[in-house]
Each structure stands twice: as C-alpha cells, then as structure tokens.
Amino acid sequence: MPVQPDPARPSLFTWEFAADPYPAYAWLREHEPVHRTTLPSGVEAWLVTRYADARQALADSRLSKNPVHHSTHAHRTGRVGIPGERQANLMTHLLNIDPPDHTRLRRLVSKAFTPRRVAAFEPRVQQLTDRLIDGFAARGSADLIHEFAFPLPIYAICDLLGVPAEDQDDFRDWAGMMIRHGGGQRGGVGRAVKRMRSYLAELIHRKRADLGDDLISGLIRASDHGEHLTENEAAAMAFILLFAGFETTVNLIGNGTYALLRNPGQRALLQDSIARGETGLLETGIEELLRYDGPVELATWRFATSPLTIGGVEIPVGDPVLVVLAAADRDPARFADENTLDLARTDNPHLGFGHGIHYCIGAPLARLEGRAALATLLTRLPDLRLAESPENLRWRGGLIMRGLRELPVEFTPENVEKLPV
Ligand code: HEM
C-alpha cells in the first residue's frame, strides 16, 4: 500500500508559509525536529528546529561553512550561498570559511570594526533616521520598508565603510536589486554583486593611497603578527559586511515595527517608557523583537564533514544543514509563552544573531540602528498605524531572510514631532 501523506504535515516554502511559518515550525519541532527537505532550488538539506539542537549545531566544528564540503557541489551552480559570489571572486569571506582562516580574518576585522567605532557612529545614525522621517512626515503616510527601513542601513553602512556620499545612491540601487531579486531570480542579485565587487576593488585601491578614519581604511591598516588582509580579502570583507548587514537590519526595523503595530499594549508600554527617557525596555525590546520575528529565519549553510548526530538523527557526510533560528527561538522548551511578544523579557538567550564562532560581528551596529529607528518612529509619529490589513501584506519568499515587501503606514501629519532647524 502506498504511504498516505499525513494531512497534518504542513507544506513548507509556500506563500502561506512565508506569511506565517511559525505553526509549521511548531509542528516540525514536535514531530520531526531534524527534518530532511527538498528546498525550492531542488537542493536537499536538513532543517534543525529545536533550540537545544540548534545551539549545538551552530557550535559544532564538524559542520563546516565551506561549500566545498557539500557532497553535490551545488554551490558551483549558484544554488547554495550568495548568488554571484563565486563569479565575482568573493568567496573568501567569514561566512564561507572555517578555522584557522576564519580565526585570522575575524581577528583582523575585529581590530577595525570595534565597539568604539560603532558607538561613535550613533549621532550619524540618529541624523540619518531623522532625515528619512522628514522625507515623508508631511504626507501622513509612507511605505516604511522603501522609505525608511531600506535606506537607513544602506546609508549607515556606506558611511561606516567610507563610501563617498556621491556614490551611495549606486549602492542603494545595487542593494535594491539584491532585495528585489533575493527570493527568486538569482541572476539579478549576481549582476548587483559583480558591480559592487568592481566598485569596492577600486575604492580599496584608492583608500590604500590615502587612508582615512573609515572602516575600509581600518581594514587595510589592521594587522596581526605582521599579517595584513590581501586586497582580495579586504574586498570580500567589505562585501560581506554590506551583504550581511543590510537586509538583516532592514528586516529588524520592518518586522519590529510591524510586531509593535500588531501588539498595541506592548507598543504603548514602550512608547511611555521612551517618553520617560528610559532605555531599559527599548534594550530588552530589541532582543525580544529579534526572538519573536527575527530577520534571519535560517542560519547560513553548513555542511557535515564527518558523520554526526543531531537530535538523534544521523547526518551523512556532505549533507547541508540549515539551522532554523526562527523555530528555535520559539521553542517552548526554552522560552515561556513562546508565541507572546513580551518586550520586558529578560531570560532571552535568543539565536537571532547566531551562536558560536560565526556569531554576528555586526550585532552592536544592528542594535544601535534598531534602537534609533524604533525609538524615533514611536516618538516622532506618535499615532503611527498600519494602513493595510495584515492579510494583504506580502512577505518575501527568500530562504534565509524573513521580511516584508512593503509596510504601508499612516499617521497624522499635525502630530509629527518637528525637529529644531
Ligand atoms: C538585525 C540585524 C542583524 C541580524 C539579525 C544578523 C544576524 C546574523 C546571524 C544569525 C549571523 C550568523 C550566521 C550563521 O552562523 O550562519 C550573522 C553573522 C554575521 N553578521 Fe550579522 N546580523 C545583523 C546585522 C549585521 C550587521 C549590521 C553587520 C555588519 C555591518 C553584520 C555582519 C555579519 C557578519 C560579517 C557575519 C559573519 C560572522 C562570521 O562568520 O564570523 N550583521 N549575522
């Protein structure tokens, strides 16, 4: 007798799933916590959905980040990893390498991308945030993704890297191509990646002759036991900082604002606490938004280099493993009231920034941008509300990231807090 499909088994990677993947992840966590699936690209991979397994897998050195360990070498066809990165000679970045290369490159970038550099950047982020809000404040409506969440991180990271102001709109266009095509047509992303690559190579070349205070100059200057980044490594590093730091932050602001607008009680608590000049709830709130509906749904690709067992399931050598951060972060075995948004949650070791040696190097910058964006929106647009019913909002269909295509909002222009000129 043919095996009947289980009617309760959820379908993955449909549009309904993209809109709300959490019930499907709850089913997997309970019934098949380590689940082998065929991705929309045709690549077979294991999904790890429980918190304890996810944390263990993220820290397991038998899971390599280097795609050469993939048994089918799907990366050669561009079906695994960032589209175009191979063609653009950008493979040697932090998310594709293991120790000892990873340790060396991460140490070098940490010397340039310091918490001090990020903290000193706060006034600039605030200025960018206010400028973007000023752009639509008089209208009483906006698409918060395109007019706010999208440009803020791209301008911020361009400034930090030292991309001259007159070139930043090119970056905005390339980033736009990436985000538009991310879910499906990988060709568009590939073209944008190639253009960014040649621009970065030229910029690094120019900076080498005239070092400044920016992060690219810092990368060129950084040395460890006399070792420097090669020009190619510096380009791959600048690229991954941009690539990893851009759409993620767009989605922290987008998903975060959406979650607040859908949870008016929590939003009011946060608005009141910000009005009182407190920062505590904003800080725990950003962590909770990362847990509740974080930007990175699945951690990036990992490949088994020796046989290993995750959650009692044997993973053959060469198989890809995808850790589902969004599922792990709602695991009731770790988080009480896992489906409730509780901005004051303090017991919150979420995996939204990953775990282990690949833990997000941009977390301090992401937190800074998230705090500035949400606090300024809630303060300056006090009656901000959704202009579309949630069922009509469209989510992006990409594999790794979770975010909205658009977020239409309304507010009363007369209530907008004006800034002193
Ligand atoms: C809310 C925003 C962000 C989120 C949710 C996020 C999330 C993550 C996650 C989950 C990882 C680990 C991936 C894995 O292990 O497979 C990661 C790594 C990384 N992130 Fe972020 N990220 C954010 C913002 C940023 C920013 C602003 C930057 C840089 C400007 C950045 C740069 C990186 C880099 C370079 C890595 C690779 C680190 C390594 O492999 O050692 N991220 N991020």
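Tell me, which residue of region 186-240 that is part of a loop (DSSP other than H, G, I, E, B) and of a type outside the set (A, V, I, L, M) is surrounded by the most Cβ atoms within 10 Å (Cβ to Cβ)?
Asp214
Are there any pairs, at least 6 apart or on different chains, whose C-beta atoms fall under 6 Å, with the first in region 234-247 and closer than 10 Å to Thr92 by Cα and the second within 10 Å of the ligand (Cβ to nearest atom) and assigned to a helix (DSSP H, G or I), and if so, which?
Correct list of pairs: Met237/Val109; Ile240/Leu94.
Please indicate, with yes or no, whether at least one residue in region 198-211 is within 20 Å of the chain's Cα centre (by Cα) and in contact (Cβ under 8 Å) with a residue 24 or more places away in the chain.
Looking through region 198-211, none of the residues is within 20 Å of the chain's Cα centre (by Cα) and in contact (Cβ under 8 Å) with a residue 24 or more places away in the chain.
For Pro307, state whether it is at pLDDT below 95 and surrounded by fewer than 17 Cβ atoms within 10 Å (Cβ to Cβ). If you could, list the steps in order and put the result at the bottom.
Details: at pLDDT below 95: yes; surrounded by fewer than 17 Cβ atoms within 10 Å (Cβ to Cβ): yes.
Judged against the criteria, Pro307 is a match.
Among the residues of region 156-175, which ones are within 18 Å of Arg371 (Cβ to Cβ) and surrounded by fewer than 21 Cβ atoms within 10 Å (Cβ to Cβ)?
Across region 156-175, the qualifying residue is only Asp159.
Which members of region 139-155 meet the condition of being in a helix (DSSP H, G or I) and either within 16 Å of the ligand (Cβ to nearest atom) or crowded, with 21+ Cβ neighbours inside 10 Å (or both)?
Leu144, Ile145, Phe148, Ala149, Pro151, Leu152, Pro153, Ile154, Tyr155 - these are the residues of region 139-155 that are in a helix (DSSP H, G or I) and either within 16 Å of the ligand (Cβ to nearest atom) or crowded, with 21+ Cβ neighbours inside 10 Å (or both).
Listed residues Leu377, Leu365; which is over 21 Å from Ala24 (Cβ atoms), more than 9 Å from the ligand (Cβ to nearest atom) and not in a loop (DSSP other than H, G, I, E, B)?
Sole residue among the options that is over 21 Å from Ala24 (Cβ atoms), more than 9 Å from the ligand (Cβ to nearest atom) and not in a loop (DSSP other than H, G, I, E, B): Leu377.
Every residue in region 332-360 that is near the ligand (Cβ under 10 Å from one of its atoms) and β-branched (Val, Ile, Thr), please.
The one that is near the ligand (Cβ under 10 Å from one of its atoms) and β-branched (Val, Ile, Thr): Ile357.
List every residue pair whose Cβ atoms lie under 7 Å apart, where the two residues are 6 or more positions apart in sequence or sit on different chains, the first residue falls within region 37-64 and is more than 24 Å from Phe13 (Cβ to Cβ) and touching a residue at least 12 places away in the same chain (Cβ under 8 Å), and the second residue, located anywhere, is surrounded by 19 or more Cβ atoms within 10 Å (Cβ to Cβ) and basic (Lys, Arg).
As it stands, the answer is Ser64/Arg302, since those pairs meet every condition given.
Every residue in region 400-421 that is touching a Gly at 6+ places or on another chain (Cβ under 8 Å) and surrounded by fewer than 17 Cβ atoms within 10 Å (Cβ to Cβ), please.
Step one: filter region 400-421 for residues touching a Gly at 6+ places or on another chain (Cβ under 8 Å), giving 401-404, 407, 410-413.
Of everything in region 400-421, those that are touching a Gly at 6+ places or on another chain (Cβ under 8 Å) and surrounded by fewer than 17 Cβ atoms within 10 Å (Cβ to Cβ) turn out to be Glu410, Thr412, Pro413.
Table: residues versus (1) within 23 Å of Leu399 (Cα to Cα); (2) in contact (Cβ under 8 Å) with a residue 60 or more places away in the chain.
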{"residue": "Arg267", "(1), (2)": "no, yes"}
{"residue": "Gly277", "(1), (2)": "no, no"}
{"residue": "Leu289", "(1), (2)": "yes, yes"}
{"residue": "Val296", "(1), (2)": "yes, yes"}
{"residue": "Thr309", "(1), (2)": "no, no"}
{"residue": "Val321", "(1), (2)": "yes, yes"}
{"residue": "Ala326", "(1), (2)": "yes, yes"}
{"residue": "Ala333", "(1), (2)": "no, yes"}
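The values are calculated or read from the model by the stated rules, or taken from the named source; none is laboratory data. For clarity, every value in this text was computed on a predicted model and none was experimentally measured. Neighbour counts run over all protein chains shown; Cβ positions are idealised from the backbone, glycine included.
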